[in-house]
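Scroll down for the structure; my scribbles are underneath it.
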Amino acid sequence: MVSIQIASDEPTIAACFAVMQALRPHLQDKASFIAQLERQSAQGYRLFAAHHAGQVIGVAGYRELENFLYGRFIYLDDLVVAESARNLGVGQKLIEAVRHEAKRLHCAYLVLDTGLANCCAQKFYFRHGFLSRGLHFSQSL
């Protein structure tokens, strides 16, 4: 059985590191991860952890935002499931948890970005009701 809850204590947050590092390989160590998560939390970031058999097998990081395009919305920053737990419905459960939170907060949209070359993720998001509505641009400074 998979359970999903907010990662709010340091041991749970630390247990999320290995899964998050699979998505964000530039993360070097648990201490830096925990420190950055604390900074992001001060900006509204929250992290759901999916647990199975005492292990974290997936994470979904999100934040509530507001802009003129979407109004109030949830931005899904991070979504990853441990490779050993893929195809078990964990990603769907995490999306459902974030979607439920968005509805609870009376948000109009759930928004995310994924890489143009990440076809597997795009198929996953399409299957779960997401639509492609534009391109995300960025610039290194």
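Out of Val59, Val98, Val80, which single residue is touching a residue at least 40 places away in the same chain (Cβ under 8 Å), part of a helix (DSSP H, G or I) and surrounded by 15 or more Cβ atoms within 10 Å (Cβ to Cβ)?
Numbers: Val59 fails: part of a helix (DSSP H, G or I); Val80 fails: part of a helix (DSSP H, G or I).
Exactly one residue qualifies, and that residue is Val98.
The one condition from (1) surrounded by 15 or more Cβ atoms within 10 Å (Cβ to Cβ); (2) out of contact with any Phe, Trp or Tyr (no Cβ under 8 Å at 6 or more places or on another chain); (3) not in a loop (DSSP other than H, G, I, E, B) that Ile74 does not meet is (2). Is it fair to say Ile74 is at negative phi, in contact with a His (Cβ under 6 Å, 6 or more places away or on another chain) and modelled with pLDDT of 95 or more? Against the criterion (at negative phi, in contact with a His (Cβ under 6 Å, 6 or more places away or on another chain) and modelled with pLDDT of 95 or more), Ile74 does not qualify.
Among the candidates Leu65, Leu76, the residue that is out of contact with any Asp or Glu (no Cβ under 8 Å at 6 or more places or on another chain), closer than 14 Å to Ala97 by Cβ and of a type outside the set (Gly, Ala, Ser) is uniquely Leu76. Within the stretch 113-141, restricting attention to residues that are assigned to a helix (DSSP H, G or I) and among the aromatic types (Phe, Trp, Tyr), the residue that is farthest from the chain's Cα centre (by Cα) is Phe126. Screening the stretch 1-50 for residues that are touching a residue at least 60 places away in the same chain (Cβ under 8 Å) and of a type in the set (Val, Ile, Thr) and picking the one that is farthest from Leu94 (Cα to Cα) gives Val19.
The values are calculated or read from the model by the stated rules, or taken from the named source; none is laboratory data. These numbers come from a predicted model, not from an experiment. Here the Cβ is made from the backbone with ideal geometry for all residues, glycine too, and neighbour counts use every protein chain on show.
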